[in-house]
1. Name every residue in segment 23-39 that is closer than 17 Å to residue 58 by Cα and at pLDDT below 95, in order of residue number.
2. For residues in segment 21-37 being under 28 Å from residue 92 (Cβ atoms) and more than 13 Å from the chain's Cα centre (by Cα), which is surrounded by the most Cβ atoms within 10 Å (Cβ to Cβ)?
3. In segment 105-124, which residue that is more than 17 Å from residue 60 (Cβ to Cβ) and in a helix (DSSP H, G or I) is nearest to the chain's Cα centre (by Cα)?
4. Of the residues that sit in segment 40-60 and are in a loop (DSSP other than H, G, I, E, B) and at pLDDT 95 or above, which one is nearest to the chain's Cα centre (by Cα)?
5. Within segment 96-107, identify whether any single residue is on the phi > 0 side of the Ramachandran plot and surrounded by fewer than 16 Cβ atoms within 10 Å (Cβ to Cβ), and answer yes or no.
6. Within the group 90, 85, which residue is within 15 Å of the chain's Cα centre (by Cα) and either in contact (Cβ under 8 Å) with a residue 24 or more places away in the chain or more than 26 Å from residue 138 (Cα to Cα) (or both)?
7. Would you confirm, using the coordinates I've provided, whether residue 80 is outside any loop (DSSP other than H, G, I, E, B), in contact (Cβ under 8 Å) with a residue 40 or more places away in the chain, more than 21 Å from residue 129 (Cβ to Cβ) and touching a strand residue (DSSP E or B) at 6+ places or on another chain (Cβ under 9 Å)?
8. Any residue that is touching a residue at least 24 places away in the same chain (Cβ under 8 Å), in contact with a strand residue (DSSP E or B) (Cβ under 8 Å, 6 or more places away or on another chain) and not in a helix (DSSP H, G or I) - is there at least one of those in segment 5-17?
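The values are calculated or read from the model by the stated rules, or taken from the named source; none is laboratory data. Bear in mind that the values here come from a model prediction, so they are computed numbers and not experimental data. So basically every Cβ, Gly included, is an ideal-geometry build from the backbone, and we count neighbours across all protein chains shown.
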């Protein structure tokens with residue numbers, strides 16, 4: 001198993017994983033622009049898990065100094081394991097690796113916001129020692145209506 005920082009060559013694999021996680025096709029051109037921008041930004045680190053068959057999992061981290069913590073925090077922005085590789089320990093190992101990377105970059109905590117509908121994912125994070133202390137609120141802008149919480153929107 002190889003864990004490494006993603007590169008531009010991983011864009012399609014990361015795109016496929018995130019579209020699977022979101023249960024919808026995202027606009028690839030926009031996705032690629034954001035992906036490439038994040039690769040060159042020290043506040044982001046996209047880590048992939050690779051096997052002989054290619055990329056099977058990814059976690060995208062954002063690092064930022066937060067006033068209310070008076071310290072550096074790592075936030076999991078996206079985290080997904082490819083279907084067929086789930087429930088085999090790859091997510092657990094990748095999560096552990098992401099925590100090590102965050103600690104090495106001076107972070108005092110790792111956080112994640114997760115859709116309320118992802119019950120299996122909640123159980124995963126709780127098993128990995130995370131606590132559910134916060135609520136996250138969202139509001140659609142530019143005329144977008146997010147009044148219903150659904151996956152694959």
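1. Of everything in segment 23-39, just one residue is closer than 17 Å to residue 58 by Cα and at pLDDT below 95, namely 23.
2. The extreme case among them is 31.
3. It comes out as 122.
4. Keep residues of segment 40-60 that are in a loop (DSSP other than H, G, I, E, B), which gives 40-43, 52-53.
Then keep just the ones that are at pLDDT 95 or above; that gives 40-43.
On the way: 40: 17, 41: 16, 42: 16, 43: 14 Å.
Among residues in segment 40-60 that are in a loop (DSSP other than H, G, I, E, B) and at pLDDT 95 or above, the one nearest to the chain's Cα centre (by Cα) is 43.
5. Of all residues in segment 96-107, those on the phi > 0 side of the Ramachandran plot come to 106.
Filter once more, keeping what is surrounded by fewer than 16 Cβ atoms within 10 Å (Cβ to Cβ): 106.
Yes, the conditions are met somewhere in segment 96-107.
6. 90
7. No; evaluated as a whole, the condition is false for this residue.
8. There is at least one residue in segment 5-17 that is touching a residue at least 24 places away in the same chain (Cβ under 8 Å), in contact with a strand residue (DSSP E or B) (Cβ under 8 Å, 6 or more places away or on another chain) and not in a helix (DSSP H, G or I).
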